[in-house]
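The block underneath contains the structure these notes are about, expressed in structure tokens.
Please treat every number below as a calculation from the coordinates, not as lab data. Values in this document were obtained by computation on a predicted structure and should not be read as measured data. Cβ placement follows ideal geometry from the backbone for every residue including glycine, while neighbour counts extend to all protein chains displayed.
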Amino acid sequence: MPLFTTSFDSDNISLGPCFVYFKGPLDAEFRHVGHTYGGVSVAVTQKSYDLKSDQYGETPVRAVDGGVTCEATVNLTEMTFENLKMMFTTASELGNDTLTFGSPVGTSLVFGELILEPTDGSEIWHIYKAAANFNSAIEIAYTVDKQRVFACKFIAMIDDGRAIGDQLFRLGSGYDQTGQSGSSSGSTSASTSTSRSPSVSASSSPSA
């Protein structure tokens, strides 16, 4: 017999891909990035600092928050100009079809909002300030026998224009529609305005 009450519900078992939306700093609404191939993954690391004392040696007596890191890897397979702009955050745009590279050190890089919406209706990830491919190689293979897939790794950065406690990302039934919901200088309440799916332009509406 089990020690405690057990509960099993197969409806909570999930499988499936997700829609990926991105909104750059100059975009009016979210853009669907198109097909992915090879999946989308999210890695969250919760760090802590152990506090110790002479009386207990190496045994921790308490732990404090040491920060959270969040990385999302999206395996893109539609090589559009919009996706290339999203991937290469150090590039400058020349016209509507060319990216140029070679900015001075110290140039500000481009951030954007990232939303991952599972197709099975499970929890949505909303990263407020996502930086694409920082300190990581971008590999694009041109071959005759393999579909072209390029991994885009997003790193979540703190958005200190939002409410304290809600400055990195959220995971739940919807995404934050309000944008900046507070300031780092005093507000401690998180925004509660959410929606299940983001508004996207007609030319980039998601398809299953």
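Tabulated data for the structure shown
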read-out: Dipole-positive endmost among Phe8, Ala72, Cys152 within the chain (Cβ charges, Cα centre); value: Cys152
read-out: Proxy reagent accessibility, fewest Cβ within 10 Å first, across Arg162, Arg62; value: Arg62, Arg162
read-out: Residues whose placed amide H lies under 5 Å from that of Ile124, excluding near-sequence neighbours; value: Gly172, Ser173, Gly174
read-out: Listed values [x] 1.00; [y] 0.94; [z] 1.04, entry calculated as Rg/Rh (Cα atoms, Kirkwood Rh); value: [z]
read-out: Count of lysine pairs in the chain with Cα separation under 23 Å (8 or more residues apart, or interchain); value: 8
read-out: Peptide ranges 88-98, 20-30 listed from the most packed, as the mean C-beta count within 10 angstrom indicates; value: 20-30, 88-98
read-out: Over the stretch 102-178 - Rg/Rh using Cα atoms and the Kirkwood inverse-distance radius; value: 1.07
read-out: Shape of the stretch 32-125, Cα gyration tensor, a/c cut at 1.5; value: oblate
read-out: Efficiency of FRET from Cβ geometry, Asn12 and Ser92, R₀ 41 Å, rounded to 0.05; value: 0.30
read-out: Average Cα contact separation per residue, the chain, under 8 Å, 6 or more apart, as relative contact order %; value: 20
